[in-house]
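Novice: Right, I'll just put the structure down here and ask away after.
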Amino acid sequence: MRPVWLATLAVLGCVAAGCGSATDASPVTPAASPTTPVASSPAPPSPRPVSLPSAGTWQIASMNFLTGDLGWIMARDIAPNGAWTAVAVFRTRDGGTHWTPVAVFNAQTPVPGPQSEGPGLSPISQLNFQSPAQGNAVVSLGAGACQAGYAVLATPDGGGHWTATTPSPILAQDGPVATSFPQGGSGPGWFVNGSCAGAYVQVFKRSSGGKVWTHLTNVPTANLSPNALNFRMTTSQTGYLVDASNGYGPHASMLELNLTQDGGAHWTQSTLPSQGLPNNITQLSFTSPHQGWVVTAQQNQPFHVYALSGTGWTAMATPDSSANTPPLADRVSGRIGYLAQNTSQGISLFKTVDGGQEWIPLTFPSR
């Protein structure tokens, strides 16, 4: 049975009742892997003392890398009986070689936000960091998210503390979700998701410093049953939305591209090439409107990753993984990116530094 996260709109950290001892978990050191340059940006805050659950298996919920070296993973702790016991945020500063927990949420220190309506509350997902300190995430407010909606969370200190940024849940529907806050949590924000009926993509915008989310009805998304989204505002005015749906027959996948240059007031739509792609897209990870990755996977079958550069798709090498679960993908640049899978033993994590020709296995903490 999944736990019910009962929460209020309050700042929650991990030095709180129920978080346990004040000692950091020791980072795990795997085999050496190639290093990548650290971008010239301020160092993230030092981690706060966090105590992890003593038993269970970590399963990944979201992954976000700000640079080739600095990234975060949100994972849920699955007990032997299948129940969720905790949700934790981990951070790496060296490209996935070491991971340090920076926040843990459990029954004593619940996920912030409005109260959930039932036991099916999902953990925080869709991590999206704009700087080493500022980031956002999305939390579903119940098993029936079609009625319950979502809340957007913000962190000012690299994931150590989170607050709910909206006084009430966003009135969105169930489906794939994406957010973008190009100027941090206090600036303008966007929230995108697929509708519960699977008939269209919805875009919501919050003005700078505002608390009200407005449904933008001028976005010309026509994609039916979107099963994957990638949305990014590169500035407060310019951005792109890529969404994918699976059709029928060979090469029936559809990829839409919507561009704005005036903060969402106007959008132009085009169709990305899909020839050569299977019709089972599970995830998108784009770093520009015409450069990105697509993950495809059939149930209980090996997954595949394709790279778009210009107008064509290229099948990439895939990691040697025994798991057939579709991975999460995060393309950081043309050469650097990450894949993460849930397995019965925990999280399998891989990194490429050569554009996907070779994948380096990394070790994620088991406890």
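The values are calculated or read from the model by the stated rules, or taken from the named source; none is laboratory data. Just so you know, these numbers come straight off a predicted model, no measurement behind them. All Cβ positions, glycine included, derive from the backbone under ideal geometry; neighbour counts span all protein chains shown.
Novice: What about Gly355, is it within 25 Å of Asp94 (Cβ to Cβ), crowded, with 19+ Cβ neighbours inside 10 Å, among the small types (Gly, Ala, Ser) and modelled with pLDDT of 90 or more?
Specialist: no
Novice: Applying the selection to the stretch 278-299, what residues are more than 23 Å from Ile336 (Cβ to Cβ) and either of a type outside the set (S, T, N, Q) or over 23 Å from the mean Cα position of the chain (by Cα) (or both)? So that I can check it myself, show each step before the final result.
Specialist: Going through the stretch 278-299, the residues more than 23 Å from Ile336 (Cβ to Cβ) turn out to be 278-280, 298-299.
The one that is more than 23 Å from Ile336 (Cβ to Cβ) and either of a type outside the set (S, T, N, Q) or over 23 Å from the mean Cα position of the chain (by Cα) (or both): Pro278.
Novice: Okay, next question. Quick test for you: out of Thr287, Thr311, pick the one residue that is of a type in the set (Val, Ile, Thr), touching a residue at least 40 places away in the same chain (Cβ under 8 Å) and either touching a Ser or Thr at 6+ places or on another chain (Cβ under 9 Å) or surrounded by fewer than 20 Cβ atoms within 10 Å (Cβ to Cβ) (or both).
Specialist: Thr287
Novice: Across the stretch 179-207, what is the total count of residues that are at pLDDT 80 or above and of a type in the set (Gly, Ala, Ser)?
Specialist: 2
Novice: To continue, here is another question. Step by step: first the residues of the stretch 141-162, then only those that are under 16 Å from the mean Cα position of the chain (by Cα) and aliphatic (A, V, I, L, M), then the one that is modelled with the lowest pLDDT. Which residue is that?
Specialist: Ala151
Novice: Of all residues in the stretch 317-349, which are in a strand (DSSP E or B) and within 14 Å of Trp72 (Cα to Cα)?
Specialist: Answer for the stretch 317-349, where residues must be in a strand (DSSP E or B) and within 14 Å of Trp72 (Cα to Cα): Leu328, Ala329, Asp330, Arg331, Gly337, Tyr338, Leu339, Ala340, Ile347, Leu349.
Novice: Next up: Within the bounds of the stretch 276-298, is there any residue that is of a type outside the set (S, T, N, Q), over 26 Å from Phe181 (Cα atoms) and modelled with pLDDT of 80 or more?
Specialist: Yes: the stretch 276-298 contains one or more residues that are of a type outside the set (S, T, N, Q), over 26 Å from Phe181 (Cα atoms) and modelled with pLDDT of 80 or more.
Novice: Here's a follow-up. Give me the pairs, please: first residue somewhere in the stretch 57-71 and outside the structural domain of Ala329 (by TED's automatic domain parsing), second residue anywhere and among the basic types (Lys, Arg) and at pLDDT below 90, beta-carbon distance under 7 Å, and either six or more positions apart or on two chains.
Specialist: Taking only residues 6 or more apart or on different chains, the pairs are Gln59/Arg76; Ala61/Arg76.
Novice: Search the stretch 254-271 for residues being within 28 Å of Thr67 (Cα to Cα) and at pLDDT 85 or above, and hand back the single one that is surrounded by the most Cβ atoms within 10 Å (Cβ to Cβ). Walk me through it before giving the result.
Specialist: To start, the set of residues in the stretch 254-271 that are within 28 Å of Thr67 (Cα to Cα) comprises 255-264.
Okay, now just the ones that are also at pLDDT 85 or above, so 257-264.
Details: Leu257: 17, Asn258: 24, Leu259: 14, Thr260: 21, Gln261: 13, Asp262: 9, Gly263: 16, Gly264: 22.
In this case the residue turns out to be Asn258.
Novice: Then there is this: Quick one: which strands (runs of 3 or more DSSP E) sit completely within the stretch 1-116 and have at least 1 residues that are closer than 19 Å to Leu328 by Cα and either at pLDDT below 90 or more than 22 Å from the chain's Cα centre (by Cα) (or both)? Step through it out loud before you land on a result.
Specialist: Numbers: elements: 57-65, 71-78, 84-92, 100-105.
The strands (runs of 3 or more DSSP E) meeting that bar are 57-65, 71-78, 84-92.
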